[in-house]
Amino acid sequence: MKTYDFQQLNQRFETSSSEDIVRWAVAELDPGLCMSTSFGAESAVLLHLVTQIQPQIPVLFTDTGFHFKETLEHKDRLTERLHLNLRVLKPEIPHEEFLAKNGKLYERDPDSCCAQNKIAPFEKAIVDYQGWITGIRRQQADTRKAAQFVESYRDRLVKVNPLLNWTSKMFWDYAKKYNLPYHPLWEKGYLSIGCSPETCTRPVQLGEDPRSGRWAGFGKVECGIHTPLKNEAQGSNASK
C-alpha cells in the first residue's frame, strides 16, 4: 500500500466536500478503487454521488442469502437507474446448504453467521483492490464516531469514508434533488437494513440511533467489516 499522511489528509477533508474526497480517491487509487453497498436505506445517495465521478467503479454487494426481497428489488432498480458496474459476492456455502448445516445460526451466534455469510466473501473480494469507498456516517452509531475520512484497512488498502459528517436530512435532501428511489422499508421505520430475520433487523423506535434495530438484544451493532467482531478483537483466529 502506498504511504499516505492520513492525519494531514483528514484535517483537510474535514472541510472538503464529499465530491472532492471522492475525486481525490479516484485520482489516487483508480483503477484499483471499488465501493461497497448494502442497497440499504441510504445507499442510493453514495452510489449516485460516486458514479457521477467514476461511472465504471466496481460496486461490491454481498448477497448473504438472507436479504429482504425489498432489498433485492431495490438493488435491481438502482443498478438499472445508475448503470452500476455491480459485482455480486456470494458466501462459500450456498444458502440452503448453510441452513441445513447450521439452522438459525443468526439466533444463536450472529457474529459467526456474519463472519461466514458477509465478511468472508467480502474479504476475499477486497484483495483485488487498493482502495475502498464506504457510506458510513459518524451519526449512525457510537462505533462510528471516531471514524476518519481516509483510513488504513487491514494495513493493506485505503478505506475512504466521504459521507462521515452527513446528517439524515442531508441524505434525503440529496435524494429528493436527484429523484433517487428510496428503499421501501424505510417508510416502515427500518433506518438501517441488513438481513431479514427479526434478530438481525427490526424497525427503529423513536429516539433510537439508526443502527439500534440491528441485532437488537445481542449487544451488537456492526457486522464486523467496519469494526472488529468481539472474537476478533480478543485475538481469535476466527474468519473475519
Too-long pairs where the Cα-Cα distance tops 22 Å, listed order kept, from K75/K101; K104/K159; K2/K159; K90/K124: K75/K101; K104/K159
Qualifying GluC sites (Glu not before Pro) for segment 1-95 [loop in DSSP, other Cβ within 10 Å: at most 13]: E14, E92
Just tell me which aspartates and glutamates come within less than 16 Å, Cα to Cα, of K220; anything on the same chain fewer than 8 places away is out. E107, D109, D111, D142, E198, E208, D209, E232
So if each residue of separation counts as 0.36 nm, and I subtract the Cα-Cα distance between E123 and Q52, what length gain in nm does that give? 22.9 nm
Dipole-positive endmost among F218, G189, N179 within segment 90-226 (Cβ charges, Cα centre): N179
For K169, which lysines qualify as cross-link partners when the Cα separation must be under 21 Å and same-chain residues fewer than eight apart are set aside? K145, K177, K188
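Based on the Kirkwood radius over alpha-carbon pairs, what is the Stokes-Einstein translational diffusion coefficient of segment 3-45 at 37 °C with 0.692 mPa s viscosity, in µm²/s? Intermediate results must be reported in sequence, preceding the final value.
Values: Rh = 12.1 Å.
Value of D from the Cα-based Kirkwood radius: 272 µm²/s.
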K101 accessible area, 1.4 Å probe, all protein chains in place, Å² to nearest 10: 150 Å²
Based on Cα positions only, what radius of gyration and what Dmax would you give for the chain, in angstroms? 17.2, 51
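The values are calculated or read from the model by the stated rules, or taken from the named source; none is laboratory data. Bear in mind that the values here come from a model prediction, so they are computed numbers and not experimental data. Cβ: placed from backbone, ideal geometry, glycine included. Neighbour counts: every protein chain shown. Surface areas here come from the heavy atoms of the whole protein model, side chains and all, with no ligands, DNA or RNA. Shrake-Rupley method; radii C 1.70, N 1.55, O 1.52, S 1.80 Å.
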